[in-house]
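The values are calculated or read from the model by the stated rules, or taken from the named source; none is laboratory data. Note that the structure is predicted; figures quoted are calculated from it, not measured. Neighbour counts are summed over all protein chains in view; Cβ atoms, including those assigned to glycine, are modelled from backbone coordinates with ideal geometry. Side chains are part of the model used for accessible areas, which takes the heavy atoms of the whole protein and leaves out ligands, DNA and RNA. Shrake-Rupley method; radii C 1.70, N 1.55, O 1.52, S 1.80 Å.
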Amino acid sequence: ARGRGAVVELARRAADFLQRGTQVAVLELGGWDSHANQAAPQGALSNNLRTLDATLAALREGLQPNGAWAKTVVLVATEFGREVAINGTQGTDHGSGGVAFVLGGAVAGGRVLADWPGLAKKDRFEGRDLRITTDLRAVQRTILSDHLGIARAALDASVLPGSAALPTLDLLRA
């Protein structure tokens, strides 16, 4: 299967596996490279955001019946950021900074955790990109150690080498 329906169905299946005791599911949604017509209502970015919304909704709906959603952490992240300014084809080019979303019943949500640098040209990385203020590995470390109970020594040695000095973030409910 292809398209939006396929990833939404995959989220439903992932929810089923997670309810049965699987601890981690990884879903991938490609097509976010929006170099042109980024703001078009039926363009790739708009369609991907709708698909992401439907995928997360299907995952939540699938995990709610037995209460699994209350114990769930979902990380939505991208492998690269976008440039701040719109390019000549009404899109954005690859950049440094981006965003990650952490959601789920186990998350102390409703907040933005960031050291916001601003969008003025003087505040941008190299005058063009959103400045990176939080290392994504700090988010990953926090989830892996505080939620899944993976030993920090294992994270340091094998999973996220070079990340030992990163801070633990206040992401999860007590």
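Overview of values
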read-out: Debye, to nearest 20: dipole size of segment 1-142, +1 on Lys, Arg Cβ, -1 on Asp, Glu Cβ; value: 280 debye
read-out: Burial order of peptide ranges 108-119, 58-69 (average beta-carbon count within 10 Å, highest first); value: 58-69, 108-119
read-out: Projected label distance in nm at residue 49 and residue 158, using a 7 Å step from Cα toward the beta-carbon; value: 4.0 nm
read-out: Rounded percent of accessible protein surface that carbon and sulfur make up, the chain, 1.4 Å probe; value: 55 percent
read-out: Residue 13/residue 133 FRET efficiency (R0 41 Å; Cβ-Cβ; nearest 0.05); value: 0.70
read-out: Centre separation in Å (Cα based) which lies between segment 127-172 and segment 72-122; value: 16 Å
read-out: Most positive-pole-ward Cα, 166, 72, 120, against dipole of segment 54-174 from beta carbon charges; value: 72
read-out: Accessible solvent surface per residue of the chain, calculated while the other protein chains remain in place, 1.4 angstrom probe, Å²; value: 62 Å²
read-out: Area projected by the alpha carbon convex hull of segment 90-167, averaged over all directions, nm²; value: 7.1 nm²
